[in-house]
Every structure is written in structure tokens, then in C-alpha cells.
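Notes follow once the structure below has been shown.
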């Protein structure tokens, strides 16, 4: 039995995506920036994928720029405010914090409520007259909590403060409202595409400086374009449903099944009464270290995580959970269960979690 429940870390590439990458490597072999005719189909494919992304978001292709993934896109966004004052949410992905430090930004933190939600009021309390950028996640990758990004963006517009949102966890899973968003990050491997490719949306007219200097991407991002990755990302976008609420409803039913099986076990969700993406479930197993739970479930062929994949090997408690008011001890008792397209039932996983929690002596 193998049950993969760590889709929030990475999704398995769809077979169609693998075929698209392979076909590109066989037939689109020229450098897209080359001047000869065999490069024309390569450039055309890049433009076609930009149009796909733009149509999905309701923006223009000229506002889409390819990157190596979410971390680079986030760094590109924060780089625009290098050396200046920025406001970021306390539960942001670690790449946002790292970029702020690397680019010598003066950082103020917008604190979430008990459920991890960053409110517009929390953001406005943190801004200053010299604030150059605000960055708040669209959806948290550890808890599935969806922030009121539209309200935050609206509140910042009148103050003429640029707004970036890390939509790596959200893109391809929930509807995205682009109104008043200045920059947005996304990564293909979070929606069944290949690793090592993503994009950043930069609103037309917003002056930017490149994180990676070069002539490619309209001088916005240097380096030979990863055309196989771009083709794979295009294939992944082709597979995204027009109506995401159908999949959201299906995952909601699986979530209810899963949590229903855990009733009376002493295991509880870390968030409640919040706007949550149903495909991500954050659970606390009181008195039971998450590292041990992950190991025991792994032995049963059930794969979950203790939080964000990039920090799962860290010996520090999740900063996301700490920002929500948990103690370090409580944060170390949390596992993340995240479902995907191929997830069809959750009772088996729930029974396994109950078994290890109820029968294992610490």
C-alpha cells in the first residue's frame, strides 16, 4: 500500500506533462534566442505558454516572465525593494524571509490571528510612509488557510504601495483574483508540472530591476530559457479545470471523510473557522512528535510531512505555527496531510494515523 499525501510539497508530474517535456527535448532543440529560423518554433512555444498563463490569470502575456520556480520568483519580487522598508506576513514561505535578509530590507511583520489569517488591518498597522513593498501569501502551504488577498490589495492601492503575493500553493488549485496585485509568484511542480520552472507576473508599467541580469525575457530575467520545462508547464496548465470548485468540492468530501474517522481520537486540526483549501489538512497529535508519526506512517506506505518540505529536516519548529500562537512543543506535534487529483479515499490514512497514535507508547 502506498498513499501519497504530500501534494503540498510537490505533485507528481502528469504523464501528459512528461510527454510534453520529452517531445520538446526531441524536436525543439534550438536556443530560443538564436537568430536562425530553427529557433522560431522555440520562441513561438514560449509565447504560446505565456498566453496560456495570461489567459488563466486574466492578464496579458507581456506581464508573464519565466523563472526557475517559486523561490526565484519570490526573490525577484522582494529584490525590487532592496535596501528599503517592506512588510511581510509572519507565516510567509521561508524564501520571502531569506530574500528580505539577503537584500538588506528593513522588515516589518504583519501578524496573523489564531487561524493564521493575515488581515488587511494587520498589514496596515505594519506599513510606514516609506514602505516600498508588501508581500502576503495567497494561500498558506502548511495550513491551507486562504488570506483575504483581494482586500489587502485594495487597501494598499489607495496608498500606492506595490503588493506581491506568493501564490505558489494557490495557483492551479483555487480561483485567483488579480485585481490590484503588482507581482505574483507560481511554480509548476505544485500543479502537476515539472520541477525547476515557474513564473512571476509583473504588472505592466511597474518598474523593475532584474534579479538575474541578461537580455532574455525582455531584460527581466537573464539566462537561456528552460524550454522543456516551459513546455511541461504549458501542458500542466492545459489540464487545469475551468471550474476549480468541482475539485474543491470533491476534496472537501474527502476531508470530511478523513476528519470524521478521527473523531474521538484526540487528534485535532490546527485551524478552525477559517477560509481553508480542503486539500491541505494540518493536524496536531498532542504528546506525539511529528517526526515519529511521519516515520511510522512511512513504514505503512503513507507519506505525509511535518510542514513545508523545504524545512521538514530542520530542528526548528514551524514558524507558521509559532506565528499562530503555538508553543514550540505543540508545533513539533503537527503533521500536514495534503491530497491531490489521484486521492480517492482517506479512510485508510485516517485509520493508520489513529492506530499509530493510539497504540504507540512514547
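The values are calculated or read from the model by the stated rules, or taken from the named source; none is laboratory data. No experiment lies behind these values; they were computed from the predicted model shown. Glycine also receives a Cβ, built like all others from the backbone with ideal geometry; neighbour counts cover every protein chain displayed.
Of the residues making up the range 325-338, those that are crowded, with 16+ Cβ neighbours inside 10 Å and outside any helix (DSSP H, G or I) are 326, 332, 333, 334, 335, 336, 337, 338.
The residues of the range 79-93 that are over 12 Å from residue 106 (Cβ atoms) and over 15 Å from the mean Cα position of the chain (by Cα), listed by number, are 79, 80, 90.
When the range 295-313 is limited to residues that are assigned to a loop (DSSP other than H, G, I, E, B) and at pLDDT 95 or above, the one that is surrounded by the most Cβ atoms within 10 Å (Cβ to Cβ) turns out to be 304. Scanning the range 167-180 for residues that are more than 19 Å from residue 278 (Cα to Cα) and crowded, with 24+ Cβ neighbours inside 10 Å yields nothing. Looking at the range 202-210, is at least one residue assigned by TED's automatic domain parsing to the domain that holds residue 49, buried (at least 21 other Cβ atoms within 10 Å of the Cβ), touching a strand residue (DSSP E or B) at 6+ places or on another chain (Cβ under 9 Å) and at negative phi? Within the range 202-210, one or more residues are assigned by TED's automatic domain parsing to the domain that holds residue 49, buried (at least 21 other Cβ atoms within 10 Å of the Cβ), touching a strand residue (DSSP E or B) at 6+ places or on another chain (Cβ under 9 Å) and at negative phi. For residue 292, state whether it is surrounded by fewer than 19 Cβ atoms within 10 Å (Cβ to Cβ), outside any loop (DSSP other than H, G, I, E, B) and touching a residue at least 60 places away in the same chain (Cβ under 8 Å). Judged against the criteria, residue 292 is a match.
Taking (1) modelled with pLDDT of 95 or more; (2) within 30 Å of residue 119 (Cβ to Cβ); (3) outside any helix (DSSP H, G or I) in turn, residue 316 satisfies each apart from (1).
Among the residues of the range 256-274, the ones that are touching a strand residue (DSSP E or B) at 6+ places or on another chain (Cβ under 9 Å) and closer than 23 Å to residue 318 by Cα come to 7 in all.
Residues in the range 261-283: is at least one touching a helix residue (DSSP H, G or I) at 6+ places or on another chain (Cβ under 9 Å), in a helix (DSSP H, G or I), modelled with pLDDT of 95 or more and not assigned by TED's automatic domain parsing to the domain that holds residue 175? Yes, the range 261-283 contains a residue that is touching a helix residue (DSSP H, G or I) at 6+ places or on another chain (Cβ under 9 Å), in a helix (DSSP H, G or I), modelled with pLDDT of 95 or more and not assigned by TED's automatic domain parsing to the domain that holds residue 175.
Tell me, please, whether a residue that is free of Cβ contacts under 8 Å to residues at least 60 places away in the same chain and touching a strand residue (DSSP E or B) at 6+ places or on another chain (Cβ under 8 Å) can be found in the range 23-35. Checked against the condition, which is being free of Cβ contacts under 8 Å to residues at least 60 places away in the same chain and touching a strand residue (DSSP E or B) at 6+ places or on another chain (Cβ under 8 Å), the range 23-35 yields no hits at all. Answer with yes or no whether residue 189 is assigned to a strand (DSSP E or B) and at negative phi. Judged against the criteria, residue 189 is not a match. Considering 132, 153, the condition of being assigned to a strand (DSSP E or B) and out of contact with any helix residue (DSSP H, G or I) (no Cβ under 8 Å at 6 or more places or on another chain) is satisfied by 132 alone.
Reported count of residues in the range 228-258, each being surrounded by 15 or more Cβ atoms within 10 Å (Cβ to Cβ) and free of Cβ contacts under 8 Å to residues at least 40 places away in the same chain, is 2.
Of the residues screened, residue 205 is one that is farther than 28 Å from residue 39 by Cα and assigned to a loop (DSSP other than H, G, I, E, B). When the criteria are applied in full, residue 120 meets the requirement of being within 24 Å of residue 174 (Cβ to Cβ), touching a helix residue (DSSP H, G or I) at 6+ places or on another chain (Cβ under 8 Å) and either free of Cβ contacts under 8 Å to residues at least 12 places away in the same chain or surrounded by fewer than 20 Cβ atoms within 10 Å (Cβ to Cβ) (or both). In contact with a helix residue (DSSP H, G or I) (Cβ under 9 Å, 6 or more places away or on another chain), at pLDDT 95 or above and buried (at least 23 other Cβ atoms within 10 Å of the Cβ): is that true of residue 322 in this structure? It is false that residue 322 is in contact with a helix residue (DSSP H, G or I) (Cβ under 9 Å, 6 or more places away or on another chain), at pLDDT 95 or above and buried (at least 23 other Cβ atoms within 10 Å of the Cβ).
Given the structure, is residue 115 within 26 Å of residue 282 (Cα to Cα), in contact (Cβ under 8 Å) with a residue 40 or more places away in the chain and either surrounded by fewer than 23 Cβ atoms within 10 Å (Cβ to Cβ) or not assigned by TED's automatic domain parsing to the domain that holds residue 145 (or both)? Yes, satisfied.
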